[in-house]
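Presented below is the structure to which this report refers.
The values are calculated or read from the model by the stated rules, or taken from the named source; none is laboratory data. Predicted model only: the values in this text are computed from it and were never measured. Neighbour counts run over all protein chains shown; Cβ positions are idealised from the backbone, glycine included.
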Amino acid sequence: MLTWRTAVILLVVALAIAVVAPTVRAYMDQQANLSELRVEAEAARAEVDALNAEVARWDDPAFIVAQARERLAYVFPGETPYRVIDAESVDGPAEGSPAAERAPEVAAGAPWYDKLWDSFEVAGGEDPTADAGAGGGADGAGETGQPDDATDEEPAESEQLTDVDFGG
């Protein structure tokens, strides 16, 4: 059986555990936080070392010359600078080049999709310079949306169609 002495000792031990448990938990949390901070400090030291190495590179005259050539496109006197242009930004072959002589006559300012459509028309045997809606469509409407049997009357100002440029 349980005696009074045993009950009191168990009560004192339970009270001691209740008092010490939060302190032990706070200690464990602080130790975990401390280890995270040590990892962050080591990462910061590594970053400082990398930045110091970068600064040391700028003390080398050869590195400075290489950076001036690469970033600012500087050249020494007597050298001929060449600049390579992105192929996608070039409109066409240079005048007088062999590529310009081989290139078919295409509308120079036409967007790519118009050139593509013209190539379909050429492959299909149609004349790309002819009006697409000149003969009327299957619905009997021409390019303006008016029926083919419409008279040559000038439409009212509110009925005139306009071309819209969507930036393409």
Going through region 18-66 in order, the residues found to be surrounded by 10 or more Cβ atoms within 10 Å (Cβ to Cβ) and not in a helix (DSSP H, G or I) are Trp58, Asp60
Considering region 75-94, residues that are more than 27 Å from Ile64 (Cβ to Cβ) and over 27 Å from the mean Cα position of the chain (by Cα), and then whichever is modelled with the lowest pLDDT, we arrive at Pro93
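For every residue, the table says whether it meets (1) among the acidic types (Asp, Glu); (2) in contact with a His (Cβ under 8 Å, 6 or more places away or on another chain); (3) modelled with pLDDT of 95 or more.
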residue: Ala41; (1), (2), (3): no, no, yes
residue: Glu47; (1), (2), (3): yes, no, yes
residue: Ala50; (1), (2), (3): no, no, yes
residue: Trp58; (1), (2), (3): no, no, no
residue: Ile64; (1), (2), (3): no, no, no
residue: Gln67; (1), (2), (3): no, no, no
